[in-house]
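Working notes, structure below.
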Amino acid sequence: MTTVNIKISDPVIRRNIQAGVRQLRDPRFPLYVRPQKCGERASWYLVQHKGGKSTWHRLGTWPELSAKVLMPQIPDRLADLSAQAEVVADHWGFTSQVLVWYRDRQLASAGLSIHRKATIKSVVNRHLIARIGGLRLEDIDKAQLDEKLIQPLQAVLSLSYVRQCFVVLKAAFRRARRLGLIGANPVADFSLSDFLDNKIKPKPSRLKGPHIAPLLATLQAAPVPRQLLGLLQLMHGTRITETRLMRWGWIDWDAGRFELPGEVTKNGNPLVLPLTDQSRALLQGYRRWQQKRGYSGGLLFPGSVRRQPISDSTAQQWYRALSGRAWSSHDLRKLARTSWADLGIDHHVGEEMVNHAGGVLSATYIQTALQEQKLRALSAWHRLLVDRGLEIQIF
């Protein structure tokens, strides 16, 4: 394998990936970068040479773990590896070992949704390993976590995301202790209130009822795939991940419903969306638009990688371009949910429609009655959208 020896930085990695280079090495350290097959990411490795053998230690994925973040940590990472070599093989001594094990275990779990797996992977790779991966287990205490993790995170991220990071950290140690992989759980008695005084409140939607008409005008002026992504989220209150992953095969045209499997929803529960006259016409028009342009695959939103949907980062970029960062995809979902309440739609029906109910209605109504209520609710909402300027056009 040809190796390019060069001082590594984010622009250097990006340029060499685009040029098709297979491996980079930083001459200052035994640090390597290997591009992944997708052509958009790369893997970081530290190589430990001892006793005539070379051991490759994977540090994370670029660009999630950027060179700007990682490079200052390399001397400490090397020292950690040297110390780790003295640890008994079946004993974990470092936080990174627990985190990597937990991440890989969760990614392989059949019971977790794609959304949840992506969240855990991002939290572990981008934040937990980068900030506290080098901590020895016996050195973990509240002061260390506050200094190295909580305070730096809360300075640049929302408190709700800091909570997600803390929840993943606690879950990793709790599971490792239950399986006997660590002798004690150093964070068992920690709570987020130990570190933060402010209560984490849900962020209000940046979109309100009076914004519906100008919002529809913005969405309908966008390129067709971006237009449909936004309209589907607004019309059905779906999350961005489950929307961008939508497939034509999930639509039962005869029964008049869009059936999203649990593997793509956040809570793992299947979501059935009744098709109104408006949503049926919108989807059928978009399908014809795709076919006229030579696409006959199974995805509503095909990406640049063959047979794969657009990535989360691409979908977020679409929304940033549409909104100028004034609102996000989640604001569309919040707008739909609050508008349903304003229309007098039953609270439990609304929660079922955004897949929050967790089976509450299933125990109260037979499924036929539930779907009828959802159809009536969505029909009222879609008629309101038409009154505010929604055009069910043939693309």
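The values are calculated or read from the model by the stated rules, or taken from the named source; none is laboratory data. It should be emphasised that the depicted structure is a prediction, and the values quoted were computed from it without experimental measurement. Cβ atoms come from the backbone with ideal geometry, glycine included; neighbour counts cover every protein chain shown.
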- [ ] Pick out the one residue from 256, 237 that is at positive phi, within 22 Å of the chain's Cα centre (by Cα) and among the small types (Gly, Ala, Ser).
- [x] 237
Open item on the list: So, in the stretch 89-129, exactly how many residues are over 30 Å from residue 260 (Cβ atoms), part of a helix (DSSP H, G or I) and in contact with a strand residue (DSSP E or B) (Cβ under 7 Å, 6 or more places away or on another chain)?
Closed with: 1
- [ ] Looking for whichever is of a type in the set (S, T, N, Q), in a strand (DSSP E or B) and loosely packed, with under 13 Cβ neighbours inside 10 Å here; the options are 43, 54. Which one fits?
- [x] 54
Task: In the stretch 290-326, the residues that are surrounded by 13 or more Cβ atoms within 10 Å (Cβ to Cβ), of a type in the set (Ser, Thr, Tyr) and closer than 25 Å to residue 264 by Cα - done: 311, 314, 319
TODO: Of all residues in the stretch 1-40, count the ones that are within 25 Å of the chain's Cα centre (by Cα) and aromatic (Phe, Trp, Tyr).
DONE: 0
TODO: Only one of these is under 12 Å from residue 329 (Cβ atoms), basic (Lys, Arg) and part of a helix (DSSP H, G or I): 206, 226. Name it.
DONE: 226
Task: Which listed residue is part of a helix (DSSP H, G or I), of a type in the set (D, E, K, R), at pLDDT 90 or above and not assigned by TED's automatic domain parsing to the domain that holds residue 126, from 34, 14 - done: 14
Open item on the list: Regarding the stretch 333-346, can at least one residue be identified that is within 26 Å of the chain's Cα centre (by Cα), small (Gly, Ala, Ser) and assigned by TED's automatic domain parsing to the domain that holds residue 220?
Closed with: yes
TODO: Would you check which residues across the stretch 284-327 are part of a helix (DSSP H, G or I), under 18 Å from the mean Cα position of the chain (by Cα) and of a type outside the set (Phe, Trp, Tyr) and list them?
DONE: 312, 313, 314, 315, 316, 317, 320
Open item on the list: Give all pairs with beta carbons closer than 7 Å in which a residue from the stretch 350-375 that is within 13 Å of residue 268 (Cα to Cα) meets a residue that is hydrophobic (A, V, I, L, M, F, W, C) and modelled with pLDDT under 90; count only pairs at least 6 apart in sequence or on separate chains.
Closed with: none
